[in-house]
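One structure below.
The values are calculated or read from the model by the stated rules, or taken from the named source; none is laboratory data. Predicted model only: the values in this text are computed from it and were never measured. When we count neighbours, we look across all protein chains shown, and the Cβ atoms used for this are built from the backbone with ideal geometry, even at glycine. With ligands, DNA and RNA removed, areas are computed over all heavy atoms of the protein, side chains included. Shrake-Rupley method; radii C 1.70, N 1.55, O 1.52, S 1.80 Å.
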Amino acid sequence: MLVILVYYDTTTYFSSELKKIKWPNNKLNLSNLKFSFDTHRHGVRQVRTGWADGPAYITQCPIEAGKTYTYSFSVVDQRGTLWWHAHFSWQRASVYGAFIIHPRTPFPFSAPALQPHHIPLIFGEWWNGDIEVVESEMMLYGGGPKPSDAYTINGLPGPLYPCSTTDTFILPVEPGKTYLLRIINAALNDELFFAIANHTLTVVEIDGIYTKPFTTTAIMITPGQTTNVLLTTNQIPNSNPNFVMAARPYLTSIFPFNNSTTIGFLKYQSNNITKIKNKFELNNNPPIILPQNLPTLQDTPFATQFLNSLKSLASRDYPCSVPETIDKRVVTTISLNLQDCPSNQTCKGFLNKRFYASMNNQSFVRPSISLLESHYHNLTTTQFSSDFPENPPSVFNYTGVDPVSENMSTNFGTKLLIMPFGTRLEIVLQDTNFLNPENHPMHVHGHNFFVVGRGFGNFDVDKDPLGYNLVDPPERNTVAVPVGGWAAIRLVADNPGVWFVHCHLEEHVSWGLAMGFIVKNGNEPWECLVPPPSDLPQC
């Protein structure tokens, strides 16, 4: 039986002046786990230290039960809200926490009443059953996974779920103050909307990068993303000091999903309220009314408006170093696929087939060796190849295809995209209508990137680049590819090593929506991957 240790309330703080970091630190002992394991510091660029990035069989072999591995790395020119999570199997369902890097200098936004303590809000999912069983049954029968039983805020589902009234997150606040909420979506398979009743939010940071501040009534946040917002407690609580804060899914999928809402409470303190209780007593409060500004499940117009409002600061102190010209453009389709059911097996996917997923019709298969170690030692192997297609194998109407009449099969293997050091690279991520169009959160390990363009329909290489934002595009590590559309990202491939590029919906990763990305060593010593540590796990 798989036993998962829950670290949802584990927040790791670092000062940007603390350069050398070893993980786990003395606050987090992972040596007594009873199963294979790894961890990934999501958004930490791991400059030249891919050995500490974490994803199993990409940069390391899993840490075997009862053994240890110390991730040693430096935080270079980064600050803000990131997070960490398990990157083996579906252990991320409960093994995660905030990873916060405090800046050396004051914030670039105006917040004179900012509290000295900042508040992480981590959204997650809860299954009443064993998450390993959920994953194994999905892969065994080729169908969609069982949806979660609840969403959580800081590990607590809230009073809208059965028997969880006492398991409600309550945030005590004082009137007339400004708080910095560090919001993280650690959910396994769902993008989420979030809002607080009668309050507005000012977005000031995404994925550890400052943004031009803007005010919004709600946010949309995909798995893998972080969003910092300023909250001003400007309401008069009157007789009820509780204001509902709620998160519920943004629905773009045909697969079974958890159609529920998790809530917590913003609780105003006053002279008449001297002690904040840690539990919510439903019988002593008025009926729960969700925030009126919480978007509906399929509110793509709101999600689009919100994402289009995100801009980099592009100031003297925080410049926007987007590549204005590129050396290479890679266009890759993002597809959900169907395979015929093998003989003598039961399949529960669409048309009694098996679900898979792919990039440019390549469904990624994790090898049984570490890709990074094989690359570093120049090992000859047939387990992977360096011929990931840089364009779709065939051109068609990606977002208008009739899924029933098309061949939705895919090829399986471990094909890698290889770039010389310093390549100014553009990747166009094109959603497709195989099975259904869907919003995909795509994460690139080892690099930040700039989202220079987004749109609906099919990417037009002649027209769409003319509308790119090359002045102040948002800088991220995880991009939401629009449902039935495309997103163009630009980066400089200046971090040598092997990196994972994948959808952050865990079901899609299991089906193969991923690829390996190799950045070759440069000419100078400081442009080369450092040697592997002596305690690197072996396969």
Would you mind listing how long segment 138-183 runs along its three principal axes, going by Cα atoms, in whole Å with the largest first?
54, 26, 12
Shape call for segment 412-477, from the Cα gyration tensor axes a ≥ b ≥ c (a/c under 1.5 means rounded, otherwise prolate when a/b beats b/c, else oblate), comes out oblate
In segment 434-492, the trypsin sites (Lys or Arg not before Pro) that sit in a DSSP loop and have at most 16 other Cβ atoms within 10 Å of their own Cβ are Lys463
Restricting attention to the alpha-carbon atoms of segment 365-516, what are Rg (one decimal) and Dmax (integer), both in Å?
16.1, 46
Just the accessible area per residue of the chain, please: how many Å² with a 1.4 Å probe?
40
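Which of rounded, prolate, oblate describes segment 55-99, given a ≥ b ≥ c as roots of the alpha-carbon gyration tensor eigenvalues and a/c under 1.5 marking rounded, otherwise prolate only if a/b is larger than b/c?
Here segment 55-99 falls in the oblate category.
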Please report, in whole Å, how far the alpha carbons of segment 318-419 spread along each principal axis, starting with the longest.
51, 37, 28
Note the full-extension length gain between Asp535 and Phe107 as 0.36 nm times their separation in residues minus their Cα-Cα distance, in nm to one decimal.
150.2 nm
In segment 130-284, if every C-alpha pair distance is counted and binned at 5 Å from zero, what percent goes to each bin?
2, 8, 16, 19, 18, 15, 10, 6, 4, 2, 1, 0
For Ser385, tell me the accessible area in Å² from a 1.4 Å probe, rounded to the nearest 10.
40
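Grab the DSSP H runs of the chain that are 4 residues or longer, score each as -39,500 (n - 2.57), total them, divide by all residues and round the 222 nm result to the nearest 500 deg cm²/dmol.
-1500 deg cm²/dmol
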Rounding to the nearest 20 debye, state how big the charge dipole of the chain is about its Cα centre with +1 on each Lys and Arg Cβ and -1 on each Asp and Glu Cβ.
1200
Identify unpaired cysteines across the chain, taking unpaired to mean no other cysteine Cβ lies under 4.7 Å from the residue's Cβ.
Cys163, Cys320, Cys503, Cys528
What fraction of the DSSP beta bridges in the chain is antiparallel, stated in percent and rounded to the nearest 5?
75
Cα shape, segment 48-187, gyration tensor, a/c 1.5 rule:
oblate
Mark the label point 7 Å from the Cα of Ala65 along Cα→Cβ and return the residues of segment 86-101 whose backbone N is within less than 20 Å of it.
86-95
What do you get for the angle between helix 131-141 and the principal long axis of the chain? Use alpha-carbon atoms, 0 to 90 degrees, nearest ten.
40
How large is ³J(HN,Hα), in whole Hz, for each residue of segment 420-434 in order, when computed from phi with the Karplus curve 6.51 cos²θ - 1.76 cosθ + 1.60 and θ = phi - 60°, using x for Gly and Pro?
x, 4, x, 4, 8, 10, 10, 10, 9, 9, 10, 5, 10, 9, 5
In whole Hz, what ³J(HN,Hα) sequence does segment 373-387 give by Karplus (6.51, -1.76, 1.60; θ = phi - 60°), x for Gly and Pro?
5, 5, 5, 5, 8, 6, 6, 8, 8, 9, 7, 8, 9, 9, 10
With every protein chain in place, the chain: carbon and sulfur % of accessible area (1.4 Å):
50
The set of residues whose placed amide H lies less than 5 Å from the amide H of Ala357, leaving out same-chain residues fewer than 5 positions away, is Asn337, Gly512, Leu513
Tell me the Kirkwood hydrodynamic radius of the chain in angstroms, computed as one over the mean inverse distance between distinct C-alpha pairs.
23.9
What whole number of Å gives the distance from the Cα centroid of segment 184-220 to the Cα centroid of segment 456-519?
20
Contact order normalised by residue count of segment 63-210, Cα under 8 Å, 6+ apart, percent
28
Residues whose placed amide H lies under 5 Å from that of Thr226, excluding near-sequence neighbours
Asp207
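Once the convex hull of the C-alpha atoms of segment 429-524 is built, how many Å³ does it hold per residue, rounded to a whole number?
113
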Could you give each residue of segment 58-69 its phi-based ³J(HN,Hα) in whole Hz, using Karplus coefficients 6.51, -1.76, 1.60 with θ = phi - 60°, and x for Gly or Pro?
9, 10, 6, 7, x, 6, 6, 4, x, 10, 10, 8
